[in-house]
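First the structure, in the form of structure tokens, and then the observations on it.
The values are calculated or read from the model by the stated rules, or taken from the named source; none is laboratory data. Given the structure is predicted, the values throughout are model-derived calculations rather than measurements. Here Cβ is always computed from backbone atoms with ideal geometry, including for glycine, and neighbour counts include all displayed protein chains. We work out accessible area using only protein heavy atoms, side chains counted, and drop any ligands, DNA or RNA first. Shrake-Rupley method; radii C 1.70, N 1.55, O 1.52, S 1.80 Å.
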Amino acid sequence: MGIFSRTRDIIAANFNDMLDKADDPQKMIRMIILEMEETLVEVRASAARTIADQKEMHRHSVKLDKLQIDWNEKAQLAISKDREDLARAALVEKKKAADMSEQLKQEIAVLDDALRAYEQDIQKLQNRLREARSRQTAIAARLESAENRVKLRSLMTNERVDDALSRFDQLERRVDYAEGRADALSIADKSDKPSLSDEIAALEGADAIDDELEQMKKALGKSSADKED
């Protein structure tokens with residue numbers, strides 16, 4: 001494929017379609033960038049050769065212009081010496097130089113058009129290359145993100161993670177059991193405290209015991225007064 005057709009194909013290429021159809025978009029974008037870089041190098045090399053050719057033609061054109069002046073002076077000298085034959089021959093050589101100069105100027109004009117085309121192609125290739133590199137960065141970022149998601153999902157389904165979660169569950173059950181025991185002890189403490197009815201009943205029981213004790217003392221001939229003496 002010639003350099004011009006390659007350049008046109010790259011400039012007109014639809015990256016989105018190429019990447020959408022590719023099995024490996026990252027590999028495809030690398031190939032596109034490599035192709036563009038190689039083409040850009042070739043276009044610049046061709047432009048450099050064209051500039052060199054153009055400079056050489058300019059030098060030849062200057063020489064031909066000087067040659068025309070030289071033959072014109074020789075023709076004038078021949079005329080002044082009545083050598084019309086020599087003057088005619090000098091003018092023939094002058095015309096040859098003029099024809100060659102005109103041909104060179106036409107070729108230089110063609111090279112000027114080629115250089116302008118090269119400049120446009122180089123600019124377009126550079127723009128497309130920047131676009132491709134930007135796409136490459138975006139694709140790499142998307143790929144890295146996808147790989148990280150895969151790693152995360154793999155980690156979540158890993159047996160080690162399951163074991164760790166299971167141990168957390170066991171720790172939670174142990175905490176629940178400890179809290180349950182504390183709550184049970186609290187309930188026990190509350191149940192040991194006598195209620196109001198229990199306290200009143202205790203008082204009544206104490207009065208009955210005191211009465212019974214007093215009766216026993218009387219039966220034995222002892223009274224509270226004896227105890228006080």
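Points worth noting:
- For region 103-122, the residues whose amide N sits under 20 Å from a probe point set 7 Å from the Cα of HIS58 along the beta carbon direction are 103-120.
- Sequentially through region 109-117, phi angles give Karplus couplings (6.51, -1.76, 1.60; θ = phi - 60°) of 5, 4, 5, 4, 5, 5, 5, 4, 5 Hz, Gly and Pro residues having no value and appearing as x.
- Heavy-atom accessible area with a 1.4 Å probe sorts SER197, SER61, largest first, into SER197, SER61.
- The gain in end-to-end length when the ILE33 to ILE139 segment is fully stretched comes to 36.8 nm, 0.36 nm per residue minus the alpha carbon separation.
- Using a cutoff of 8 angstrom between alpha carbon atoms and counting only pairs six or more residues apart, the relative contact order for region 26-149 works out to 40 percent.
- Simple spin-label estimate for ASP211 and ARG116 gives 13.6 nm between the two label positions (7 Å along the Cα-to-Cβ direction from each Cα).
- Model label sites at ALA89 and ILE108, defined 7 Å from Cα along the beta-carbon direction, differ in position by 3.1 nm.
- Residues of region 90-107 with an amide N closer than 16 Å to a point placed 7 Å from the Cα of LEU77 along the Cα-to-Cβ direction: 90-94.
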